[in-house]
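Where a number appears in this text, it was derived from the coordinates with a stated rule and is not lab data. What you see is a predicted model; the values in this text were computed from it and never measured. Cβ: placed from backbone, ideal geometry, glycine included. Neighbour counts: every protein chain shown.
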Amino acid sequence: MLSLRRSTLKYLQVRDYLRSLVISELRPGDPVPSERMLCERFAVSRMTVRQAVDALVVEGVLERVQGRGTFVAPPKVDLQVRLASFTEEMTRRGMTAGVKVLASELVRAEPDIAEALKVAPGEQLVHLHRLRYADDEPMAVEHTWLPADRLPGFLEDGTPDSVYVELDSRGLIPDWGEDTIDAGEADHEEAKLLMIKPGKPVLRISRRAFTGDSAIEYSRSAFRSDRYTLWVPVARPHPAVVPRKRTEEPDAAAPGATT
């Protein structure tokens with residue numbers, strides 16, 4: 001038991017030492033001290049060092065590059081759930097947003113997409129397939145569908161630079177929406193576009209955005225989980241509304257009761 005406790009303390013010392021280096025001395029892309037150096041410095045085994053490094057890799061603080069070593073990982077972007085475009089979100093963080101249009105076309109609504117947009121299956125939709133960048137690094141793969149009958153000529157002059165700017169110009173900017181968030185694994189196409197290995201974790205977000213009571217946009221996005229952390233503000237719920245206790249009817253048999 002004592003031996004296990006000492007081993008845990010050593011692991012924590014190595015982990016905290018590496019974390020302090022990342023915070024105070026190293027920059028993204030810098031290599032961390034070698035396993036051999038850490039073993040000698042803390043008088044621990046390679047297994048203990050690897051355990052400490054593994055913990056920081058899982059947290060996204062460090063990243064391993066096969067054949068090269070372990071490096072300080074790029075900082076994660078906090079992905080806040082709000083009704084804003086990708087460009088707006090990246091600009092808010094001081095990053096330069098970019099996009100590569102992979103497909104821009106009119107398609108017939110598949111049943112699941114039709115259900116999301118509350119249109120009839122087979123109805124014509126605008127479909128955009130785009131690769132999103134932040135500071136020239138691929139961040140997300142996105143599919144977007146919009147009802148074509150409400151957006152005549154949407155693709156006449158090519159794909160708009162910003163869907164939300166174009167919707168705003170038509171008086172159709174979304175004013176509310178709903179997101180569904182799931183963890184998933186990158187398929188081969190997503191992995192190639194995002195420059196990650198197939199099967200790597202991604203954050204999948206499905207969004208429906210509404211203008212008034214009508215759905216104007218449905219999208220499915222796969223975000224690199226190694227570059228995003230989900231940030232959701234929370235607050236205490238309002239006190240539950242408790243119905244007032246109804247005044248009991250007077251007992252007909254009670255003294256003084258009226259009939």
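Okay, here's what the table says:
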| quantity | calculated |
| --- | --- |
| Extension gain (nm, one decimal) between E156 and A183, 0.36 nm per residue minus Cα-Cα | 6.1 nm |
| Three-way shape call for region 77-231 based on the alpha-carbon gyration tensor, with the a/c threshold at 1.5 | prolate |
| For region 2-72: rounded, prolate or oblate by the Cα gyration tensor [a/c cutoff 1.5] | prolate |
| Environment charge of V141, counting only residues whose C-beta is closer than 12 Å and scoring Lys/Arg +1, Asp/Glu -1 | +3 |
| Cβ-derived FRET efficiency at R0 51 Å, F210 paired with E25, nearest 0.05 | 0.60 |
| ³J(HN,Hα) computed for each position of region 148-163 - Karplus, 6.51 cos²θ - 1.76 cosθ + 1.60, integer Hz, glycine/proline x | 5, 5, 8, 10, x, x, 4, 10, 4, 9, x, 6, x, 4, 9, 4 |
| Under 17 Å from K197, Cα to Cα: aspartates and glutamates that are on another chain or at least 8 residues apart | E63, E137, E185, D187, E189, D226 |
| Fully extended contour minus Cα-Cα distance, from S104 to R46, at 0.36 nm per residue | 15.7 nm |
